[in-house]
1. Quick check on the exposure proxy: order A:305, B:31, A:66 from fewest to most C-beta atoms within 10 angstrom.
2. Taking the range B:57-136, which chymotrypsin sites (Phe, Trp or Tyr not before Pro) meet the DSSP loop condition and have no more than 14 other C-beta atoms within 10 Å?
3. By per-residue mean of other Cβ atoms within 10 Å, what is the highest-first order of A:115-128, B:241-254?
4. If you plug each phi of the range B:92-102 into the Karplus form 6.51 cos²θ - 1.76 cosθ + 1.60 with θ = phi - 60°, what whole-Hz ³J(HN,Hα) values come out, in order, with x for Gly and Pro?
5. Given the DSSP H assignment, sum -39500 (n - 2.57) over each helix run of at least 4 residues in chain B and divide by its residue total; what's the result at 222 nm in deg cm²/dmol, nearest 500?
6. Using θ = phi - 60° and the Karplus form 6.51 cos²θ - 1.76 cosθ + 1.60, what ³J(HN,Hα) does each residue of the range A:621-632 get, whole Hz, x for Gly and Pro?
7. Taking amide H positions as placed 1.01 Å from N in the peptide plane, with prolines and chain starts having none, which residues 5 or more places from residue B:264, or on another chain, fall under 5 Å of its amide H?
8. How shielded is A:525-531 by partner chains, expressed as the average number of their Cβ atoms within 10 Å of its Cβ atoms?
Amino acid sequence: MKVISSCGIFGVIRKPSSSRVKGSLVVKAIEAVRFRGSSLGAGFSYIKNQPLENRFLFRVFINPDKEDIAVNKLRSILRRGVSGWGERSYYIRDRVGFVLTELVVERLSSDEAWGLARLIDEAGETGRLMRVLSASPYVVVAKGVGYPIEVAEAYHIQEVESDAWLAHTRQPTNSPGRLPIWSHPFSVGDWSVVHNGDISSFGAHMELMLGRGVGSLVGTDSELIAFILDQLTRVEGLRPDEAALIVTGRPEIEWGEPDTQLYDEWRKLRTRYHGFMADGPFSVAALYAARDGDYYLMAFADRYKFRPLVAGEDDDYIYVASEECQIRCVSPRARVWSIEPGGVLVASTSKGLVSPGRRDLDKEVMEKISFQAYNSWSVEEILQTTGNGAVIDARGLSYHEVNNLIRDRIRSGLRTIKLVNVNGQRYIGIGLTEPAKIEVFGTPGNCLANLNEAAHIEVYGSVEDDVADTMHGGSVIVHGNAGDVLGQALQGGEVLVRGCAGNRVGIQMREYRDKKPYLIIGGRVDKFLGEYMAGGVIMVLGIDYLDVDGSILVGHHVASGMVGGKIVVRGSVPEKLIGVKPSPADVYRYLEGLVIEGVISEADLARVKELNHVSLEGLSEVLPDNALSRISKLFKDKYTRKIAVEYRHLSDSEVQELQPRVKRFIKTFKLRENLVNKLLLDEKYTVIYRVFEDQK
Amino acid sequence: MRPEALNLREEDVFTSYRRRWLRLLSGAQGKTPGDPPIVSMGSQAPPYVDKPVRPIDWLKSDGAQVTRPSIDPYRELVETSVFLTGGRTRLSMPIGLEVDDWGLEDKSLLSVVATAYRIGVALYTRSEDVVNVVRGCGISSPFIIAPLGLIDKDVGEKTIVATMGLGQRAHGLRLTPTCLEIPSDKSLVESLAREPGLISRFSGLLINEDHEDSRDYVEVTISLADTMLRKIRSNSGSLREKLDLLAKSSTLRGSDDIFKLITLGSDLVIVNKLARIGIGLDEQTRKPTREVLSDRLEYLLLGLQREIKLLAGAAGVSSLHNTLRSNRELLRCLDLPGAISSELRVKHAGVVRI
């Protein structure tokens, strides 16, 4: 059965004292998400084990139907442009079959090599005739048309070992897949890039590159990311992590207060590198060979994280992937965490993990929970202690086969079923109407327990994206961490997650008739918690942050567009993280205008700036009514609803409502019993709910 | 000589629908000022469709699709702020306002100036009265575009009209980056492109369709300037990366025109009549008081900003200045003569070249 999905990416780098990574590991990891791709393209990139000193390896795709014309053109360019080169060609047997010409070109600077690659590309008729796939002393690209395993076999990837790798399986959206020129990775200079997403700033980047001498592009947004990263490092002289940070960008509201150092730094970056920031959904993994001999693996997500990206490490390697199952299939006990929105992971062969792509503390919490979840059981033990009929071994089975087996067992009268060797299968437990208990050992793929009506699903591991979507009843218990979009449109039952959850948790949650959903997160969450929420209760406990003063357990834009329900977050959530607010720069400017008109005084303005955040509630404490009424235009519109934000202890009725659920949470995850009272009675919470007109 | 085609008839440009729409935004009409109606099939509310009158009207926005989701600008972030003059000038939205011919008395003029400043738009003027009002306000942040003097150098057969100052002070430093203003004329842009040394002295190029020597629609000239400036190298990048492009036309009608001009390369779009009509200054009835004037202008500008956010959100754009500027990929043209679409470098809808 075909699952229409989106591209899959994978990257791995060895740690400083570890051996090189085998190509077979990389193929296995990218094949684990074969369903994310299609037959329309796959590829690999790796660091050459013996870099060519001052020589460049050009890999050039030659269209076999026009081989004579292409080769003549290529040689003509080389004769005019370089002093010496070696040349050999292979026939690559991917799904289309093409000629790959390798050139070793001597005595070139990086800039000259870049210029030569552009000349070949321009003569190559946007790839219809020929196209440079990579041109670097270090970075090699092997890509073609087909699934990853087919392309790997065409290039004998399993026989290669390297310090660092990228891999990609492609689901084309805006460009075709009949030639390998559209496959990933894309390489420019000493960078290579794989990408999942669709960049809305594509056209702006094309114009930018037009002004930087790039006259030929194959027409995919992914290629432009490689060009941008190359420009920022080779031409602008930035470090690779700085380059990635510019590409991910930061919204102005995250620059801090105007006139602070942070704000000014971002203002300079936005102005200087205007047009370099990528917009729209993307997750990217990249390899970079620095001229000091260090090799980098990087991974970064867009600032709202519309595409999945996780990272992991074990004793030998650091991994990045679209899905956790990719890491688990090559390193079952790896410590795994997710990259935060706009986060940049940096790892190098000489330094190891430099930056994890999120706050160190959050990474440690996620690692700890993940480790506990995967190390509390073994498949052998389960098989020994459970009757054969109650265990389904999911190894090698599709989600469809797994679900059919679950239904068969339920029909046969079983009420407790254990699934072992689960790794990446999507839709497990979808639409179950029987109150069976399903224990999952491993990493279920996206869309676990969607439309679930009655089943109780307990996962001894972490879960990926879109769990419990449109669930009406039953429960989902997760002993590890959860990915993005957890509990979307959840409208009944209970979801308990021991660890952290990702972006857009509980969006569009709702309640109806006697159905009221509860979603309890033991750790923390990223941006857009409870966006468009219409009912039910979300609770974020931050149990592993209890001893950390001032911990903030949520990202930006909490309760944005909320129209109902309740969000309860332990600790104080700063106003600036709630909803969508105008930028402080706009607010201050508006108030300066009121000073000019004499509506408020300079002292009023100074008091506002001392607030350190700009909410209407905060302004109401400082500004006179006439000024408040005027500036409220920036905050209000007819489509957003008023919400209340209170920092306080839970009320008696809230304690009564939440107590059974918190008790169940503590018992399920075997936490200290005294935490129940501490959490319910001692701790203060930020409570967010919709204010209706009659509540004024 | 200015071709007749540029002298668009006001009734063709600002149809009764347009006028009503602008007044709805400002609150001169209706009860939800500042909030553009969002409609769907079956609604009797606007929008209306105007007869095309200029090349920009044949351009359509190529919206978001399933893999590039749209953004709800009311509940998610769409940034409209722009940074000009090398980052020294920050505006809340890419809009400039010309009020010189509005016939305002001193106090009303002060209200309009203060409103433009408050809302974070630029103010274009060649009027000493307006400059004096700004000076009297003691405004410190740069937001006014006003003449500094004339330049006497000829370029080709044309004369550069004037240099303009954009901003006066920034962060305590005396900075007067200058902007070169020219009529909307493609041949003049081509001449300037042959003199990179001259044009690189400025931080911005303002293309003014209202100038009597204009020969081309501002969208065509802006697009050409955007393209040509990218061909001029400047240090590591192109001159376009350092130079702001400002478009000015008093016959631009609304956020749709502003959106498209940004997509064709403008950093800032200066409008006039649409605001005057929106706030009710062109009506024969009693003139609004300065308070009403200020309120309406504020709502109108916020309404335009929200409409631009809706358009950007529909195209999956979360940062106007970074993502929308020169992003011709987000446009498609329909039935536009090939020569003009080539000049604009906008693809025809429905044509796939692989």
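1. Ascending number of Cβ neighbours within 10 Å: B:31, A:66, A:305.
2. The qualifying sites: there are none.
3. Per-residue Cβ counts within 10 Å, averaged per peptide and sorted highest first, yield B:241-254, A:115-128.
4. Listing the rounded values in order: 6, 8, x, 10, x, 10, 10, 10, 4, 9, 8 Hz.
5. Calculated mean residue ellipticity at 222 nm is -9000 deg cm²/dmol.
6. Here the 3J(HN,Hα) series is 7, 10, 8, x, 4, 5, 6, 5, 4, 6, 6, 4 Hz.
7. Close amide H contacts, sequence-distant or interchain: B:326.
8. Per residue, the average neighbour count from other chains is 1.
Coordinate-derived values only; no laboratory data. This one's a predicted model, so the numbers in the text were calculated from it and none came from an experiment. Positions of Cβ are generated from backbone atoms using ideal geometry, with glycine treated the same way; all protein chains shown enter the neighbour counts.
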